Amino acid sequence: MQNAYASRAFPDIAPIRDKLRLRPERAEITLGEQRMVLMHTESLSDLRSELIASLGSQTARTLLTRIGFSTGTRDAQLALQLHSAEASIFDLLARGGQLHALQGVALVEMIAADIDIAKGRCSLEFFWKHSFEDEHYTHTEGTQATPVCWLETGYASGYLSACVGKLIIVREVECRATGFEACRVIARPASEWDDAEADLQFLKAPVIPEAPAATRAQPGRQRSALAAFEQSKSRSDIVGLSPAYQTAVGKINRVAQTGATVLLLGESGVGKSTFARLLHEQSRRATGPFVAINCATIPETLMESELFGVERGAFTGADAARAGRFELAEGGTLFLDEVATLPLVAQGKLLRVLETGQFERLGSGVARQANVRIVAATNEDLWEAVRTGHFREDLFFRLYVFPIEIPPLRQRKEDLPVLIEHFMQRFAHAYGRDVYGLTPEAMAMLLGYSWPGNIRELSNVVERAVILAEDGRSLDAVHVVLMKELKRAPAKPVQEGAFTAPQADSAKPLPSRSIDEIVAEWMKDRGLTLDEMENTMVDAAIAQAEGNMSRAAALLGISRGQLLYRRKRGGSGTEAT
């Protein structure tokens with residue numbers, strides 16, 4: 001832990017300065033891998049004035065603060081790449097001040113600091129001198145009533161949050177525009193500000209309270225913490241402040257009060273089901289039920305009865321009448337996840353409900369009214385499915401009323417600090433652990449990763465790290481296990497009697513026997529069954545695709561959802577990507 005920095009020199013600025021490249025022949029200015037531009041401060045001041053005049057001071061401050069936060073996060077990623085294990089945490093945080101100065105924003109002068117990453121402490125106090133943001137007011141507008149360095153507070157919050165792995169709020173307590181000689185700034189974790197909401201309203205970020213030390217340290221409370229953890233899995237994961245995230249949430253807020261059909265689009269793991277529940281909770285149907293069905297997990301023969309219900313005697317085994325999901329969702333919301341995997345027959349029935357508002361139970365001729373809002377989701381290209389004949393065009397347009405694209409995590413890196421803190425708090429509470437800090441090396445790994453599994457993968461990574469870490473220590477790079485580092489397990493061994501395709505030597509020509517002859521021989525000699533052959537083909541496709549379920553599904557000519565269903569039915573535990 002380090003406490004006094006008033007007289008300490010900042011690290012050499014040369015490594016940062018060397019990353020700045022001016023290439024006028026290509027009209028490029030780059031800082032590391034980020035392209036930059038030079039702008040007149042007068043132009044930025046004019047932009048600020050236009051925003052205030054057009055949108056109001058509150059909205060303008062929110063936009064500028066969030067832009068600053070995004071910029072600070074990107075600069076932190078560069079600083080973390082340059083940070084060595086031998087350097088102190090102070091040197092890493094001081095890089096933000098050097099980047100501020102290099103970009104002509106402000107000169108940072110440290111007053112005091114209390115930093116201990118392992119204990120989650122990051123308390124700083126410093127001056128901003130020669131701030132470009134308050135220059136406009138001191139020269140033309142006169143003394144202001146409140147601080148005006150909005151971009152800079154957002155930048156410092158984003159930079160510090162990304163470096164220490166938790167949400168840091170930077171507050172300007174004195175500003176040159178309000179009559180002081182310099183801008184004085186205090187930085188603390190959001191959980192340590194009694195009135196953090198006053199600053200978080202400009203970031204649109206949730207308050208993440210620290211758990212009492214007794215809760216973290218006492219395993220006896222683990223059961224109740226786990227129960228709370230299970231209850232908080234849905235809406236609590238709606239965390240973020242990046243522009244891409246805020247755009248998606250803004251659309252959810254906009255459409256929630258209407259009755260329009262919503263189609264959520266995005267990669268696997270981005271949180272489509274969580275956004276669907278948020279949409280329901282903000283709608284006029286919030287008091288009604290929220291019923292979710294994963295279309296990929298329901299066998300084609302049972303899909304109609306699952307959706308619309310069944311009358312007694314409708315088919316063999318239907319001993320009693322049973323309501324379907326449409327009836328269970330009466331007055332509420334029906335969420336159709338992985339809607340692209342719906343069989344064509346069920347697509348036609350769903351289209352009829354959307355067109356007429358009525359449905360019939362299987363085996364019944366009585367029409368029932370469907371007072372249900374439909375929210376659908378898919379990670380596939382629905383229009384491509386229409387073009388290939390796997391999805392009805394008329395149903396596509398019925399669902400495509402209000403599409404919302406949920407951004408992948410690699411497009412919202414600014415959200416990583418608050419998401420990491422959110423999951424770290426959750427799993428520390430759930431498992432009774434006393435860990436809540438990250439080393440710079442761990443943060444560098446997390447910020448530099450592409451996150452193919454998105455929010456779901458991040459949650460898994462943080463959960464593993466919390467389990468691996470020791471109490472009272474920060475999460476280190478050794479605790480961070482990313483997907484690209486996992487060794488793929490071999491395909492599940494085939495049980496005796498199951499079909500195994502012959503392994504051809506790449507140096508030898510393929511055997512002349514047809515697949516029909518091979519299968520016939522194995523059916524005769526080993527009693528090969530259809531289930532055994534299907535399971536073996538699924539395992540072989542996953543092994544060929546190196547565990548990538550989307551590629552494996554393409555090899556088999558089926559959808560990813562159908563592959564996952566067959567995989568689950570076959571009882572395999574191979575990890576999916």
(message) When the residues of the range 242-276 are narrowed to those that are over 16 Å from the mean Cα position of the chain (by Cα) and assigned to a loop (DSSP other than H, G, I, E, B), which ends up farthest from residue 357 (Cα to Cα)?
(response) 257
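Listed here are the residues, each with its yes/no results for (1) at pLDDT 90 or above; (2) surrounded by 13 or more Cβ atoms within 10 Å (Cβ to Cβ); (3) out of contact with any Ser or Thr (no Cβ under 8 Å at 6 or more places or on another chain).
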| residue | (1), (2), (3) |
| --- | --- |
| 27 | yes, no, yes |
| 43 | yes, no, yes |
| 61 | yes, yes, yes |
| 84 | no, no, yes |
(message) Which of the numbered conditions does residue 301 fail, given that it passes all the others? Conditions: (1) closer than 28 Å to residue 566 by Cα; (2) of a type in the set (Ser, Thr, Tyr); (3) in a loop (DSSP other than H, G, I, E, B).
(response) (3)
(request) Tally the residues that are modelled with pLDDT under 90, under 12 Å from residue 187 (Cα atoms) and surrounded by 20 or more Cβ atoms within 10 Å (Cβ to Cβ), restricting the search to the range 111-159. (result) 2
(request) Can you tell me which residue among 66, 95, 74 is of a type in the set (D, E, K, R), in contact with a strand residue (DSSP E or B) (Cβ under 7 Å, 6 or more places away or on another chain) and closer than 18 Å to residue 154 by Cα? (result) 74
(message) For the list (1) surrounded by 17 or more Cβ atoms within 10 Å (Cβ to Cβ); (2) over 21 Å from residue 331 (Cβ atoms); (3) at pLDDT 85 or above; (4) of a type outside the set (Val, Ile, Thr), I need the number of the one condition that residue 254 fails.
(response) (1)
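Take the residues of the range 451-480 that are among the acidic types (Asp, Glu) and closer than 16 Å to residue 239 by Cβ: which is nearest to the chain's Cα centre (by Cα)? If you could, list the steps in order and put the result at the bottom.
Of the residues in the range 451-480, the ones among the acidic types (Asp, Glu) are 457, 463, 470-471, 476.
Cutting the leftovers down to closer than 16 Å to residue 239 by Cβ gives us 457, 463.
Numbers: 457: 9, 463: 15 Å.
If we take residues in the range 451-480 being among the acidic types (Asp, Glu) and closer than 16 Å to residue 239 by Cβ, then 457 is nearest to the chain's Cα centre (by Cα).
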(message) When you check residue 96 against the structure, is it on the phi > 0 side of the Ramachandran plot and of a type outside the set (A, V, I, L, M, F, W, C), yes or no?
(response) no
(message) List pairs: first residue in the range 285-300 and of a type in the set (D, E, K, R), second residue part of a strand (DSSP E or B) anywhere in the structure, Cβ distance under 8 angstrom, at least six positions apart or on different chains.
(response) 285/333; 285/373
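The values are calculated or read from the model by the stated rules, or taken from the named source; none is laboratory data. All values derive from a computational prediction rather than experimental measurement. Neighbour counts run over all protein chains shown; Cβ positions are idealised from the backbone, glycine included.
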